[in-house]
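Working notes, structure below.
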Amino acid sequence: MLTRLKTKSERKLAKQICKVVLDHFEKQYSKELGDAWNTVRDILITPSCWQYAILLNRFNYSFELEKDLNLKGYHTLFRGSLPYYPKSLKCYLSRTPERMPSERHQIGNLKKYYLLNAASLLPVLALELRDGEKVLDLCAAPGGKSIALLQCAYPGYLHCNEHDSLRLRWLRQTLESFIPQPLVNVIKVSELDGREMGDAQPEMFDKVLVDAPCSNDRSWLFSSDSQKAACRISRRSNLPVLQKELLRSAIKALRPGGLLVYSTCTLSKAENQDVISEILNSYSNIMPVDIKEMARTCSQDFTFAPTGQECGLLAIPDKGKAWGPMYVAKLKKSWTTNW
């Protein structure tokens, strides 16, 4: 009986997968990822395999919750420890796809934890945030990476920008749910077109995160409207243009000597390696930062596909490590001029 019910629910789930998107991904990613695509595809189309990490909120820390997670067999992320892993960042993983319930938003009450794809922490950690730095999160909604940044260090100033007004509301609510009032005073939230930020605040920031709009592989596969999905696919080739414009703006906003991290949640080479290669070829004052050590340290919790870049990582979903897709590239602005 249980098997019959499971088969029924699997059939129901399979109907929700958008064939237009899956066929498109099949053609592209079987070429780009080779044999690894079969495993990645099987995980992406089976939400029951997806895993959720638990990021503890240091501003409303619960010893009982941490004790409970340990008893249930959860383990902390990056047990191998990165050289710059902050002790204040506590994220717990389970090998099983069980999901804790999300906490409700209540005005005046800070949440104890945030559920996220563990690979989302890779760009945050690559930024190597230090206390007192001026930080820009250029495409900040829904706010998970901003929350994670604040678990790592106390910035002197954090600018969270989101151009989309609906997503901006979501961002504000996330910050309100996790960050205490005194710290909110060092956070600015804006609704600027990210492409204009560099001109508005030139060389203002020590660290910049560009978590760019991209073809979100996980959500696109479950598009309920196949017409809209087909439209998305046809416009997909325009995304790298926007991504490069956002990066150019971010480079202007970054002070010389500062670090920039670019991330997406897609497997697409056109939106990942190709974008970064073009930026590196266009600027003499933007240098790649070797990030291979991060992949070595994180290999027990993540699976990485080769990117052909020392400055770029691609975390791909795998059995028991269903995190990603998440592409991360790390760049540094040198003190020399661009021309």
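Name the one entry in Glu98, Glu64, Glu128 that is of a type in the set (D, E, K, R) and buried (at least 16 other Cβ atoms within 10 Å of the Cβ).
Working: Glu98 fails: buried (at least 16 other Cβ atoms within 10 Å of the Cβ); Glu64 fails: buried (at least 16 other Cβ atoms within 10 Å of the Cβ).
The conditions single out Glu128.
In region 30-47 there is no residue that is closer than 30 Å to Pro256 by Cα and either open to solvent by less than 40 Å² (accessible area, probe 1.4 Å) or not in a loop (DSSP other than H, G, I, E, B) (or both).
Looking at region 78-95, which of the residues that are within 16 Å of Ala322 (Cα to Cα) and modelled with pLDDT under 85 is most open to solvent (accessible area, probe 1.4 Å)? Among those that are within 16 Å of Ala322 (Cα to Cα) and modelled with pLDDT under 85, it is Arg95.
Scan region 200-223 for residues that are among the hydroxyl-bearing types (Ser, Thr, Tyr) and open to solvent by 40 Å² or more (accessible area, probe 1.4 Å) and jot them down. Residue satisfying the conditions is Ser219 alone.
With the condition kept exactly as written, say whether any residue in region 69-77 is closer than 22 Å to Ile316 by Cα, within 20 Å of the chain's Cα centre (by Cα), buried (at least 16 other Cβ atoms within 10 Å of the Cβ) and at pLDDT below 95. It would help to see each step written out before you state the result.
Of region 69-77, the ones closer than 22 Å to Ile316 by Cα are 74-77.
Cutting the leftovers down to within 20 Å of the chain's Cα centre (by Cα) gives us 76-77.
Filter once more, so that each one left must be buried (at least 16 other Cβ atoms within 10 Å of the Cβ): 76-77.
When the remaining residues are screened for being at pLDDT below 95, the result is 76-77.
Among the residues of region 69-77, at least one is closer than 22 Å to Ile316 by Cα, within 20 Å of the chain's Cα centre (by Cα), buried (at least 16 other Cβ atoms within 10 Å of the Cβ) and at pLDDT below 95, which makes the answer yes.
One residue stands out among those in region 170-199 that are open to solvent by 40 Å² or more (accessible area, probe 1.4 Å), touching a residue at least 40 places away in the same chain (Cβ under 8 Å) and closer than 15 Å to Leu246 by Cα: the one that is farthest from the chain's Cα centre (by Cα), which is Asp199. Hey, does region 43-62 have a residue that's without any contact (Cβ under 8 Å) to a residue 24 or more places away in the chain and of a type outside the set (D, E, K, R)? Looking for residues that are without any contact (Cβ under 8 Å) to a residue 24 or more places away in the chain and of a type outside the set (D, E, K, R), one finds none in region 43-62, hence no.
Let me confirm something: among Lys292, Lys269, Lys330, which residue is in contact with a helix residue (DSSP H, G or I) (Cβ under 9 Å, 6 or more places away or on another chain) and under 16 Å from Leu122 (Cα atoms)? Steps first, please.
Values: Lys292 fails: in contact with a helix residue (DSSP H, G or I) (Cβ under 9 Å, 6 or more places away or on another chain); Lys269 fails: under 16 Å from Leu122 (Cα atoms).
Exactly one of Lys292, Lys269, Lys330 is in contact with a helix residue (DSSP H, G or I) (Cβ under 9 Å, 6 or more places away or on another chain) and under 16 Å from Leu122 (Cα atoms), namely Lys330.
Residues checked against (1) closer than 30 Å to Lys319 by Cβ; (2) not hydrophobic (A, V, I, L, M, F, W, C):
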residue	(1), (2)
Gly258	no, yes
Tyr262	yes, yes
Glu271	yes, yes
Ile286	no, no
Ser299	yes, yes
Phe302	yes, no
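Any residue at all in region 51-72 that is assigned to a loop (DSSP other than H, G, I, E, B) and among the basic types (Lys, Arg)? Within region 51-72 (the criterion being assigned to a loop (DSSP other than H, G, I, E, B) and among the basic types (Lys, Arg)), the answer is yes, since at least one residue qualifies.
The values are calculated or read from the model by the stated rules, or taken from the named source; none is laboratory data. On a predicted model such as this, the values are computed, not experimentally measured, just so you know. As a convention, Cβ positions derive from the backbone with ideal geometry for all residues, glycine included, and neighbour counts pool all protein chains shown. These area figures cover heavy atoms from the full protein model, side chains too; ligands, DNA and RNA do not enter into them. Shrake-Rupley method; radii C 1.70, N 1.55, O 1.52, S 1.80 Å.
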